Amino acid sequence: MTLTAIESRSSPDPRETRARSRWGWPLAREITIIAVGLVLYRLVRLLAMDELDTALLNSQRIVDWERAIGIFNEVGLQSLVIGNDALIWVLNRYYFFGHFLGMAILLTWLYVAQYDYYGRVRRVLFTSTVAALIIHVSFPLAPPRWFPQHGFADTLQIYGPKIYDSETIANTANQIAAMPSLHVGWALIAGWAITASTKSRWRWLGYAHPIAMTLAVVVTANHWWLDVVGAVALVYVAILADRPIQRRLERRKRQRAAETSELSSVS
């Protein structure tokens, strides 16, 4: 057997090397980053929990702005489905479980099956979330369900699950952090990640998640339309801001691949 044949058999497959490299310390690092991020997420959201007067005043501003541009119709949309107990039951739970659980499933899937896209999605997620938290603190905003005088019904309280009756959630959740809607923002990131990382002709169905989440947050009276608009704009800006970083990383990856190829040809 020739030396070249021995080297060919002993050289690891680049795909196998890349797959192995994501486990062990890299995985522990990612888990740590996400865990720290979640802790900071909770802590920052607590900063504006007591700004109730400001949040109520800002909500009236949102109502005035939506009336001015003709989109203050959340009550009408809610009234179309409020008598459908089954649909409300589904939307309430989609709002609750589709947020953190949906993002956890997405990140796990990307890390395991679409690792080349994981880093970019994680960066966009962190950038948009940090920006949203800054807005939450600087512009506290009460949700529509706090305004029965406008005709809103609190579907979580009426139909369940009564998540804000839980002492744990009540002590950690900032209910006056409506603008922008991170529920919609994270769902939109998931839709973008699915369509960008897969080649299937069905990949555009990934955007069914942000559409369904938008319906859920509005019908359950947890967010205003402008909260949705703010989330879409924020995610779009985060994706645009990440493009130079992604291009730089791709150039480095091509350079390393070229250097590896040159070394292989020399040997």
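The values are calculated or read from the model by the stated rules, or taken from the named source; none is laboratory data. Only a predicted model underlies this, so the values are computations on that prediction, with no experimental measurement involved. Here the Cβ is made from the backbone with ideal geometry for all residues, glycine too, and neighbour counts use every protein chain on show. The accessibility values were calculated without ligands, DNA or RNA, using every heavy atom of the protein model including side chains. Shrake-Rupley method; radii C 1.70, N 1.55, O 1.52, S 1.80 Å.
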Show me the trypsin sites (Lys or Arg not before Pro) within the stretch 139-230 that DSSP assigns to loop and that have at most 12 other Cβ atoms within 10 Å of their Cβ. K199, R201
Positive-end residue, the stretch 138-242 charge dipole about Cα centroid, Cβ charges, pick of A142, V228, Y207: Y207
How much FRET efficiency would the formula 1/(1 + (r/R0)^6) give for R247 and F126, where r is the Cβ-Cβ distance and R0 is 22 Å, rounded to 0.05? 0.75
In what order, largest first, do T127, T195 sit by accessible area if the probe radius is 1.4 Å? T127, T195
Can you give me the solvent accessible area of Y159 with a 1.4 Å probe, rounded to the nearest 10 Å²? 70
Order of 212-221, 53-62 by packing, highest average Cβ count within 10 Å first? 212-221, 53-62
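Suppose every Lys and Arg Cβ carries +1 and every Asp and Glu Cβ carries -1, with no other charges. What dipole size does the chain come out with about its Cα centre, to the nearest 20 debye?
I would put it at about 1320 debye.
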Going by average Cβ neighbours within 10 Å, how do the peptides 185-193, 34-42 rank, with the highest at the top? 185-193, 34-42
Relative contact order (%) - criterion: Cα under 8 Å, at least six apart; region: the chain: 25
Distance in nm between label sites at A86 and R22, each 7 Å beyond Cα in the beta-carbon direction? 3.9
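Suppose every K and R has +1 on its Cβ and every D and E has -1 on its Cβ; what is the size of the dipole of the stretch 59-165 about the Cα centre, in Debye to the nearest 20?
Dipole size: approximately 300 debye.
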Quick one: what does P(r) look like for the chain with 5 Å bins over all Cα pairs, in whole %? 1, 5, 10, 14, 16, 14, 11, 8, 6, 4, 3, 2, 2, 1, 1, 0, 0, 0
Based on the mean of other beta carbon atoms within 10 Å per residue, what is the order of 78-84, 88-94, 64-70, most packed first? 88-94, 78-84, 64-70
